[in-house]
Amino acid sequence: MTFTGELVRRRLLAAGSSLRVRNYRLYTVGQSVSVAGNFMQTLAIAFLTLHLTGSGSALGLAVGIRLLPYLVAGPISGVIADRHDKRRMLLFTQTACAICSAVFGVLALTGLMTYPLLLGLSFLLGCLTVFDNPARQSIISELVDDSDLSNAIILSSVLINLARVLGSAAGGALVAIIGIPACFFCNAASFGSVIVSLVMMRPSEMFRSERAPRAPGQVREGVRYALTTRDLAITLLMIIVTGTLAWEFPTTLPLLATDAFAGNAATYSALVAAMSIGSIVGGLVAAGRRAASTPFTLSLTAAAWGATMILAALAPTIVPALVALAFVGFASIAFNAGAKANLQLTARADMRGRVMALWAMCWGGSTVIGAPLMGWIAQEFGSRWGLLAGGIPTLILGLALLPMLRRHGRDRRGHPPGPDGNPNDPRADPYPDPTVGPPAG
C-alpha cells in the first residue's frame, strides 16, 4: 500500500472510531433513517405550503412556527433532560412525533389540509421536538466515553447530512411520482428505526452521567453557567447570528429552486443534495481531527460559510449554484458540528442537557425570527437576496471576531487546566468576570 493510501485508510478509521461502540452504532443508524424521513417531511411541508398559499412569507412562517416552542420552553426542556433518563424520554417523544407525522399525511391525502391546520400541526410538532432535542443531543455523551465524544458528535452530523441527501432525493421523487402525502407517511414510519435502536441498547454499557437533582432555580443556573463560561458564551453568540440569518435553507432553497431557476421539487432536491454532499465531505474531514473546535476555528468557518453563501446567491445558472452550495455545505457542517462538539466538551456533565437546550433555543428559536424574515426578503427583493441576507452578516461576524479570539487563544495557551484537567473548564477561565456573555440586543 502506498503512503497516500495508508494515510487515507488511517484518516477513515479515525473518522469512524466511535462506531466501534455498539450502543452508539445502533443509535446512529436509527437516527440516520429517521433524519432521512424528517427531510422528506421538510420538503413536503415546504411544497404543501407553497401549494396552499403561493407565498414566500407564508413558507417562512410555516418554518418558523415549528420552532417557536424553543423560545418559550427551551431552557426548561434542558432541565428535564438533565433530571430524567434520556433514553426513556426519547422513546416517548419519538413515538409522539410519529403520530403527528401520520396525522399530517392523512390530512394531506384526504384534501382536508388548510394553511391554519398546517401551522397548528407544525407548532404541535415543535412542542414535541423541543423536549426531544436536548435528550437526543446529550445522550451521545452517555453512549461513548469522553475520548470518543468529539468524534461521535461530528460523525453523527456527517451521517445526518448523508441522510439529508437520501431523504431530499427520495422526497423529491415521491412528490413528483406519488404526491406530497407519501413523504409524511414515510417519515412517520422512519421514527420506528429510532425506537427499535433505543430498545436494543444495552443500558449496562452506557456511560451514565449523574442526573441533576430537583432544585429551585435550575433554569437560571444553566443560563448563568453558559453566559459566564467564555467559550460557551462566544459559541452561543455565533449560533444565534448564523441560526437567524444563514441557516434558513428550508425557506430560501425552495424559493431559489422555483423562482431563480424556474424549477420544481426535483430542482430543490438537487440543491439540497449538492449542499449535503459538501457537508458529508466537510464532516469526514472534521471527524478525522482529534482536536476539538475552538471559538477561533468556529469564527474561521463562519467566515467561509458566509463567503460561500454569497457565491451561491450570485451564481447565474444552476450548475455553478450547485458547486457553490457544495462549499456552503462543507463550511456550514464544519461550523455546526464544531459548535456542538465545543459546547458538549466544554460543559460540565451535569449541565450538558441545559447547555444543549440553550443551543437548540439559540439555533432553532432564532429561526422563528429568521425564517419569516428571509421569506419576506426573498419575496420582496428576489430569492437570491434570501441567501445574500444570510451570507453577508455571517461573513462579517466571522471576520470581526477573529482578532479578539486570536488574542484570547494566545492568552489561554500556558494557562493551567481546571481541576478536572479540562482547559475549557470555567474554573480555569482566565477571564472570571461574571458579566462576560453575548452583548445585549
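Since every read-out is calculated from the coordinates, none of them should be taken as a lab result. Predicted, not measured: the structure shown is a model, and the values here were computed from it. Counting neighbours? That spans all protein chains shown, and the Cβs are built from the backbone with ideal geometry, glycine included.
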Work out the P(r) tail for the stretch 273-372: percent of alpha carbon pairs separated by more than 23 Å, whole number.
-> 34 percent
Inter-probe distance in nm under a simple model that places probes 7 Å from Cα toward Cβ, at Ala176 and Leu399 | 3.9 nm
For Glu380 and Leu112, calculate 0.36 nm times their separation in residues minus their Cα-Cα distance, and state this gained length in nm to one decimal.
-> 93.5 nm
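To two decimal places, what compactness ratio does the stretch 97-229 give when its Cα radius of gyration is scaled by 2.2 N^0.38 Å?
1.34
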What is the Cα radius of gyration of the stretch 30-82 over 2.2 N^0.38 Å, N being its residue count?
-> 1.45
Counting pairs of alpha carbon atoms under 8 Å apart in space and at least six apart in sequence, what relative contact order in percent does the stretch 109-259 give?
-> 23 percent
What list of ³J(HN,Hα) couplings, whole Hz, do you get for the stretch 229-237 from phi and the Karplus terms 6.51, -1.76, 1.60, once you set θ to phi - 60° and write x for glycine and proline?
-> 9, 4, 4, 5, 5, 5, 4, 5, 4
Return the whole-Å distance between the Cα centroid of the stretch 215-287 and the Cα centroid of the stretch 294-344.
-> 10 Å
Two-decimal Rg/Rh across the stretch 225-290, once Rg and the Kirkwood Rh are taken from alpha-carbon atoms = 1.15
Computed label-point distance, nm, for sites Arg202 and Val323 using a 7 Å Cα→Cβ extension = 5.0 nm
Cα pairs beyond 17 Å in the stretch 74-116, in percent, come to 51 percent
